[in-house]
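The values are calculated or read from the model by the stated rules, or taken from the named source; none is laboratory data. Computed from a prediction, not measured in an experiment: that's the story for all the values here. Heads up, the Cβs are rebuilt from the backbone with ideal geometry, glycines too, and the neighbour counts pull from every protein chain shown.
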Amino acid sequence: MSDTPHTLTERPATSRRHFLRASGTGLAGASLLTMLDAKKAPAQIKGTTLRILQWSHFIPAYDAWFDNKFAKEWGDKNGVKVRVDHIPHLELPARMAAEYAAGAGHDIIMNGSSILTRLYYKSLLDISDVYEKIGKERGGWIPSAGPLVTVEGRQYGFPMFYILLPMLYRKDLFDANNLKAPDTWELARVAARTLKAKGHPTGIQFSQCADANLNWRSLLFSFGGAEADASGNNILIDSKETREALKFAKALFDEGMTPEVFSWDDASDNRFLASGVGCWIHDAISAYRTTEDTNPNVFKNTMIGLEPAGPGGKRVSTSAANVYMVWKFSKNQQAAKEFLTHFGLEFKEGMVQSRGYNMPYLLGDAKKPMPVIGADPKMSILQEFPPMVAFYGYPGPFTTPIQEVVNLFVLPDMFTRVARGQNIEEVMKWGVGEYRRIFSKHKTA
Amino acid sequence: MTRASLSGGPDGSVRAAGAVAVPTSAARSSRWRSATARRLTFGYLLLAPAALYVLLLVGAPFLFSLWLAVSDANVGEPVAHFVGLENFRSAWEMDTFWIAMRNSVVFLVVAAIFKSLLGTSLAFLLLQDFKGKKIVRGLVVIPFTLPVAISVLSWKWMYDSQFSVINWVLSRIGVIGGYGSESWPVWLGQPGLALLSCIAVNVWRTFPFSAIVLLAGFTAVPLEVLDAAKVDGCSFFQRFRNIVVPMIFPILMIGFLFDTVFTLSDLSVVYLLTQGGPGNASKILPVLAYQIGIQAGNLGRGAAIALFLVPLLLPAMILVLRNIKRREW
């Protein structure tokens, strides 16, 4: 028995494992390239079943199209039986945990808003090849797309689409009171103050829901605030800008809102606008569509505005990200990759079917005019959003500590506490303490 | 008494039989053992399915959650490491944990008081003879039998800040002002009201269960005893306190135990109505455990928070089971 330790130089240049990995990657890459050229999946996926789990879309017609046309036609063409299951978006993390624990379930699983790539990447399929190829094919990805799915330089998810939350305001009320369009947060505040006195307050959720997490981050980031640095390891929440944003939110609440915002969920502001009471809301265009379907008079006067600028002119629109992932335990990885490729290449049709709700991560699809929104004069402003889009953790990536901060609603709670009258410094002490506690716990782990 | 004992000793036949048939102590013991063993084996065999069921469905998950609570288990990590009491310490340090703990206790106590009052009243009402009694008895359990998601979402609409039917009725009868006025309650938006609104839904859902349990107890009390007490001049409350309660005590205790467990572990009502908001005002331990354990992926810390329910439940369980046992003797 030799006592000499093995060194790197003594190891064979190519181990069996390396050889298998390299040849597997090569084969997968080659088949993907062939498929991209032919726009047709290879024969080995014929006769298989592909199971997809995703949310129930806020635009129900999209689900009908996706299940019965898009997925079915792809399946028929490639001899794959595609089964699509839908569950409410809030149940996706629990379902993902259950499938992970069981080591069985769907082949492709969607993450909505709460993106769990960093938590699960060891159990997810590395789909960097699909990500890169589709990126090349469609003109590259918007800068904020990569950090959602990238861990240690590899991509473990496929960015599907994101959801914008623009300003939706009542032009008739603004015009009647000589108010300027809410192009800045200050103008939005002036409008809220003026119109609340006339029975038309504004509202943003001061509660524990997804919209509250998104809206208050848009305000905070537009005020120059930040959550974590580019590495994602250092907290930047303790800043003058955060204090300014909190102060502004308190004034906005006192002057322009009613206490009902403390009870709102994600759909409350949709109803608030559609009822004709609200003067403006900061929400996804599902609110715009709800108004179109339920109150045509209000809809006629509802305009969509650009993300309001903060005091320094900065505009950051925190959007709800959506990502597809493929389980490593999937027995149909090849079909899953090919379906994602097809999804990426045919994204524009999804924009049409979602009536402009699904926004593209791919620069090629974000070129003007975009489908639906490019043709609608009121919605065309949405085409200006891609450069200002950010996600949780901005300017850093959506890391696991940020995910816990989001799931515990720490930031909306800071805004809620201030609106309820708590001293800003006390709130900062509590909020920064929560961020530090969560970050340090993850660092230790 | 036998003849032998009368004559002062065994007769000849008995002596002979004794010499031949009296078993040795080892044989006696073996026969006894085999009879007892057979009986015991049969008993254990009958018990085995129930024991296995409890072990697999209660014991194993409980032990697993104990392991999770002392590990750094994470939803995406296949391997967990032992971290001792770190998860408990970190929960202890959380501001939100103490708010959730306080809210859980308030939730439990207030809900228990209202469920006892409403459940007892309903049980007495259902004891009376009236037309359509059977239909009414069937109808009262509807809140308990409806899927929780459906009933809670209906309540969410009733509590809506703008379209609340409760507020609409109160406004129409002049108790509160119109929408947008100071007196317009925002049920799920005001800290105190939010927790109370959640408690109200929990009480509405589960007090029929308390009523049914009590009703089963009341019908088991012999009417002769109550009639005799009535003849002796006992008032309604004296009969209730001195006759009915002692007689149905074991049923009351079992009902109390079930109710405590159901209330403390009720995640759905709070999660669907407020998600614990506004600003953690209605957050209870199961919701916090779910948010940290499942949504944020920290299984270890989630399990540790959930296990804090055990010290809350354990005294109630010990108290109840001890009382029942004492009364059995």
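Which of the residues spanning the stretch A:128-147 are within 17 Å of residue A:358 (Cα to Cα) and surrounded by fewer than 24 Cβ atoms within 10 Å (Cβ to Cβ)? Give the derivation first.
Narrowing the stretch A:128-147 to residues within 17 Å of residue A:358 (Cα to Cα): A:138, A:141-142, A:144-145.
Matches in the stretch A:128-147: A:138, A:141, A:142, A:144.
In the stretch B:87-102, which residues are over 17 Å from residue A:405 (Cβ atoms), touching a residue at least 24 places away in the same chain (Cβ under 8 Å) and either within 10 Å of another protein chain (Cβ to nearest Cβ) or among the aromatic types (Phe, Trp, Tyr) (or both)?
Matches in the stretch B:87-102: B:87, B:88.
Across the stretch A:94-106, which residue is nearest to the other protein chains (Cβ to nearest Cβ) among those that are modelled with pLDDT of 90 or more and touching a helix residue (DSSP H, G or I) at 6+ places or on another chain (Cβ under 8 Å)?
Residue satisfying both the conditions and the ranking: A:100.
With the condition kept exactly as written, say whether any residue in the stretch B:223-237 is within 14 Å of another protein chain (Cβ to nearest Cβ) and outside any helix (DSSP H, G or I).
Of all residues in the stretch B:223-237, those within 14 Å of another protein chain (Cβ to nearest Cβ) come to none.
Checking the stretch B:223-237: not a single residue is within 14 Å of another protein chain (Cβ to nearest Cβ) and outside any helix (DSSP H, G or I).
Scan (1) under 20 Å from residue A:267 (Cα atoms); (2) buried (at least 17 other Cβ atoms within 10 Å of the Cβ) for the single condition residue B:212 breaks and write down its number.
(1)
Can you find even one residue in the stretch A:160-175 that is more than 30 Å from residue A:190 (Cα to Cα) and surrounded by fewer than 21 Cβ atoms within 10 Å (Cβ to Cβ)?
The answer is no; no qualifying residue exists.
Given A:99, A:73, which one is out of contact with any Gly (no Cβ under 7 Å at 6 or more places or on another chain) and either under 22 Å from residue A:154 (Cβ atoms) or part of a helix (DSSP H, G or I) (or both)?
On the way: A:99 fails: out of contact with any Gly (no Cβ under 7 Å at 6 or more places or on another chain).
Every option except A:73 fails the conditions.
Does residue B:306 satisfy the condition of being outside any loop (DSSP other than H, G, I, E, B), within 14 Å of another protein chain (Cβ to nearest Cβ) and either out of contact with any Lys or Arg (no Cβ under 9 Å at 6 or more places or on another chain) or crowded, with 22+ Cβ neighbours inside 10 Å (or both)? Walk me through how you get there before you give the answer.
Details: outside any loop (DSSP other than H, G, I, E, B): yes; within 14 Å of another protein chain (Cβ to nearest Cβ): no; either out of contact with any Lys or Arg (no Cβ under 9 Å at 6 or more places or on another chain) or crowded, with 22+ Cβ neighbours inside 10 Å (or both): yes.
Taking the combined requirement at face value, the residue does not satisfy it.
How about the stretch A:348-365: which of its residues are buried (at least 21 other Cβ atoms within 10 Å of the Cβ) and among the hydrophobic types (A, V, I, L, M, F, W, C)?
Across the stretch A:348-365, the qualifying residues are A:351, A:359, A:362.
Starting from the stretch B:131-153, keep only residues that are within 12 Å of residue B:212 (Cα to Cα), then list their pairs with residues that are assigned to a helix (DSSP H, G or I) whose Cβ atoms are within a distance under 6 Å, requiring at least 6 positions of separation or different chains.
Listed pairs, sorted by first residue: B:137/B:126; B:140/B:208; B:141/B:208; B:144/B:208; B:144/B:209.
Would you be able to tell me the number of residues in the stretch A:163-183 that are in contact with a helix residue (DSSP H, G or I) (Cβ under 9 Å, 6 or more places away or on another chain) and within 30 Å of residue A:146 (Cα to Cα)?
6
Would you be able to say whether some residue in the stretch A:398-417 is in contact with a strand residue (DSSP E or B) (Cβ under 8 Å, 6 or more places away or on another chain), in a loop (DSSP other than H, G, I, E, B) and touching a residue at least 60 places away in the same chain (Cβ under 8 Å)?
yes
Name the one entry in A:179, A:173, A:195, A:125 that is within 22 Å of the chain's Cα centre (by Cα) and over 24 Å from residue A:356 (Cα atoms).
Details: A:179 fails: within 22 Å of the chain's Cα centre (by Cα); A:173 fails: within 22 Å of the chain's Cα centre (by Cα); A:195 fails: within 22 Å of the chain's Cα centre (by Cα).
Just a single option satisfies the conditions, and that option is A:125.
Going through the stretch A:107-139 one residue at a time, which ones are modelled with pLDDT under 95, assigned to a loop (DSSP other than H, G, I, E, B) and within 14 Å of another protein chain (Cβ to nearest Cβ)?
A:113, A:114, A:115, A:116, listed by residue number.
Could you look through the stretch A:193-229, keep only residues that are among the aliphatic types (A, V, I, L, M), closer than 15 Å to residue A:253 by Cα and in a loop (DSSP other than H, G, I, E, B), and pick out the one that is nearest to the other protein chains (Cβ to nearest Cβ)?
A:197
State which residue is nearest to the other protein chains (Cβ to nearest Cβ) when the search covers only the stretch A:254-276 and only residues that are surrounded by 21 or more Cβ atoms within 10 Å (Cβ to Cβ) and more than 26 Å from the chain's Cα centre (by Cα).
Selected residue: A:260.
What do you reckon, is residue B:172 within 30 Å of residue A:442 (Cα to Cα) and either of a type in the set (D, E, K, R) or not assigned by TED's automatic domain parsing to the domain that holds residue B:309 (or both)? Outline the logic, then answer.
Numbers: within 30 Å of residue A:442 (Cα to Cα): no; either of a type in the set (D, E, K, R) or not assigned by TED's automatic domain parsing to the domain that holds residue B:309 (or both): yes.
Judged against the criteria, residue B:172 is not a match.
If we keep just the residues of the stretch B:179-201 that are among the polar types (S, T, N, Q) and part of a loop (DSSP other than H, G, I, E, B), which is nearest to the other protein chains (Cβ to nearest Cβ)? Explain how you work it out, then say what you get.
Step one: filter the stretch B:179-201 for residues among the polar types (S, T, N, Q), giving B:181, B:183, B:190, B:197.
From what's left, part of a loop (DSSP other than H, G, I, E, B): B:181, B:183, B:190.
Values: B:181: 9, B:183: 11, B:190: 7 Å.
Of everything passing the filter in the stretch B:179-201, B:190 is nearest to the other protein chains (Cβ to nearest Cβ).
Using beta carbons and a limit of 6 Å, which pairs, at least six apart or on different chains, have the first residue in the stretch B:155-168 and closer than 17 Å to residue A:205 by Cβ and the second one among the polar types (S, T, N, Q) and crowded, with 22+ Cβ neighbours inside 10 Å?
From residues that are closer than 17 Å to residue A:205 by Cβ, the pairs are B:159/B:197; B:161/A:263.
Hey, does the stretch B:165-178 have a residue that's in a helix (DSSP H, G or I), touching a helix residue (DSSP H, G or I) at 6+ places or on another chain (Cβ under 7 Å) and farther than 22 Å from residue B:277 by Cα?
Checked against the condition, which is being in a helix (DSSP H, G or I), touching a helix residue (DSSP H, G or I) at 6+ places or on another chain (Cβ under 7 Å) and farther than 22 Å from residue B:277 by Cα, the stretch B:165-178 yields no hits at all.
Restrict the check to the stretch B:91-98 and report whether at least one residue is at pLDDT below 95 and not in a helix (DSSP H, G or I).
yes
Could you list all residues from the stretch A:393-445 that are within 12 Å of chain B (Cβ to nearest Cβ) and basic (Lys, Arg)?
If the condition is that a residue be within 12 Å of chain B (Cβ to nearest Cβ) and basic (Lys, Arg), then A:417, A:420, A:429, A:436, A:437, A:441 are the ones that fit.
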